[in-house]
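Just so it is clear, none of the values below were taken in a lab; they were calculated from the coordinates. Just so it is clear, the structure is predicted and the values come from calculations on it, not from any experiment. Backbone-built Cβ (ideal geometry, glycine too); neighbour counts: all protein chains shown.
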Amino acid sequence: MPAEIQSTVSDKERFLPLVLASPSPRYSLSQRLQSDYHAFWYRLGERLNWSRGVYRERPVRRLNHLNGIQQERIAALQRRFMVQFEQQSEHLTALKSYDYLDILEQAWSAWGRPRSIGGVVQDVGSSNFWYASVLHAFFRPTELTGIEVEGHRIYFNGYSRWDYACGYIQDLPNTEFVIGDYAKYGQAADVVVAWYPFVTPAPVLAWRLPLSLLAPQALFSRIAQNLKPNGLFVMVNQGAAEAAIAASLCSHAGLERQDSCELRSTLRSRRVFPVVSCWTATSPR
Ligand SMILES: C[S@@+](CC[C@H](N)C(=O)[O-])C[C@H]1O[C@@H](n2cnc3c(N)ncnc32)[C@H](O)[C@@H]1O
């Protein structure tokens, strides 16, 4: 599993008015230079459209070095969702998969709402879609699509995100990975999921992307448009401050919050607690 950069967010509150009010936010010189550098590689990746073939992880088969709490929690998830991620994935991917599944499970338990089962599920900003099997296990969708704008990124081993995604979804029925901008993706969905969508500049640069890709208002508006009546948008944010910015943007985009919770105990430790929220579209769009 290639390492993805986990971002730090420090300037959220200061940035929110800019995102909402200004069509072209003002960035520092350093941010613009970094952005231009990332834009070069991003465009090159797009142009190269490189593939080395489907990449399949070597399954670890057995998860070692888990503490007692992790062992217990993973065993409970395995029983409840009939999953064994370690039979398809390397150690880190398997552990991260249990962690994401646990986050979804904890959120739904906290909310006491019935799990949304079946239907069309879209995942926004899927990276290489390493967690496709998590969404399958939790939502049991009739169709699952991961949409990622930077799907052509090439890793150090010469495989691209596309190659990895093809491997991750190979055994999952009715699942696809689409390279493109979700803000331009006009397909109806019963559930839309977004893990850590970008709402401030720092994470965009930390993920080595150009700041032109920071357009949360367009992204959330598209989600509101794509949701079917009674459809649900599920969002996970890094910490309460980022969640507050995202919430404000969602409300402006025509989404209404139904539930939210901060998870203080997760399978993998984090600097900030994830905040999970779910939303419906306020009116037919
Ligand atoms: C913080 S990363 C999270 C990746 C993944 N969801 C995860 O949890 O590992 C955000 C991802 O969203 C993608 N992204 C950003 N804007 C997007 C857009 N408009 N359409 C599709 N993907 C987008 C980025 O390229 C990046 O891979």
Can you give the FRET efficiency to the nearest 0.05 for Asn157 and Thr282, using r as the Cβ-Cβ distance and R₀ = 41 Å? 0.35
Place a label point 7 angstrom from the Cα of Ser265 along the Cα-to-Cβ direction, then list the residues of segment 93-133 whose backbone nitrogen is under 13 Å away. 106
Spelling it out for His152: with amide H atoms placed in the peptide plane at 1.01 Å from N, the residues 5 or more places away or on another chain with amide H under 5 Å from its amide H are none
By per-residue mean of other Cβ atoms within 10 Å, what is the highest-first order of 223-235, 123-135? 123-135, 223-235
State, as an integer percentage, the relative contact order of the chain based on alpha-carbon contacts under 8 Å between residues 6 or more apart. 21
Would you compute the Debye intensity of segment 193-276 from its alpha-carbon atoms alone, equal scatterers and no solvent, and pass along log10 I(q)/I(0) at q = 0.12, 0.25 Å⁻¹ to two decimals? -0.37, -1.31
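What do you get when you divide the Cα radius of gyration of segment 181-230 by 2.2 N^0.38 Å, with N the number of residues? Mind dumping the intermediate values first?
Values: Rg = 12.0 Å, N = 50, 2.2 N^0.38 = 9.7 Å.
That works out to 1.23 for segment 181-230.
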Computed [θ] at 222 nm, deg cm²/dmol, the chain (DSSP H ≥ 4; -39,500 (n - 2.57); rounded to nearest 500): -12500 deg cm²/dmol
Taking the chain as a Gaussian network, where each spring joins two C-alpha atoms under 10 Å apart, which residue of Asn174, Asn237, Asn157 fluctuates the most? Asn157
Give a residue-ordered list of calculated ³J(HN,Hα) values for segment 116-123 (Karplus: 6.51 cos²θ - 1.76 cosθ + 1.60, θ = phi - 60°; whole Hz; x for Gly, Pro). 6, 10, x, x, 8, 10, 10, 10
Apply the Karplus curve 6.51 cos²θ - 1.76 cosθ + 1.60, θ = phi - 60°, to the phi angles in segment 70-77 and return the couplings in whole Hz, x for Gly and Pro. 4, 4, 5, 5, 5, 4, 5, 5
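Any number yet on Rg/Rh for segment 137-285, C-alpha, Kirkwood? Numbers along the way, then the final one.
Values: Rg = 15.7 Å, Rh = 16.5 Å.
Here Rg/Rh amounts to 0.95.
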Signed unit charges on C-beta, dipole axis of the chain, positive-most listed residue Leu144, Pro59, Trp111: Pro59
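About its Cα centre, what dipole magnitude does segment 27-281 give when the only charges are +1 on Lys and Arg Cβ and -1 on Asp and Glu Cβ, stated in debye to the nearest 20? Don't skip to the end; give the middle numbers.
Details: 26 positive and 22 negative charges, 71 e Å.
Result for segment 27-281 is approximately 340 debye, rounded to the nearest 20.
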Say each of Ala240 and Asn64 gets a label point 7 Å from the Cα, pointing the same way as Cα to Cβ; how far apart are those two points in nm? 4.1
Quick one: if you stick a label point 7 Å off each Cα along the C-beta vector at Gln84 and Arg47, how many nm between them? 4.8
Given charges at beta-carbon only (K, R positive; D, E negative), |dipole| of segment 141-199 in Debye: 180
For the chain, what are the per-bin percents of Cα-Cα distances with bins 10 Å wide, up to the bin holding the maximum? 6, 28, 37, 23, 5, 0
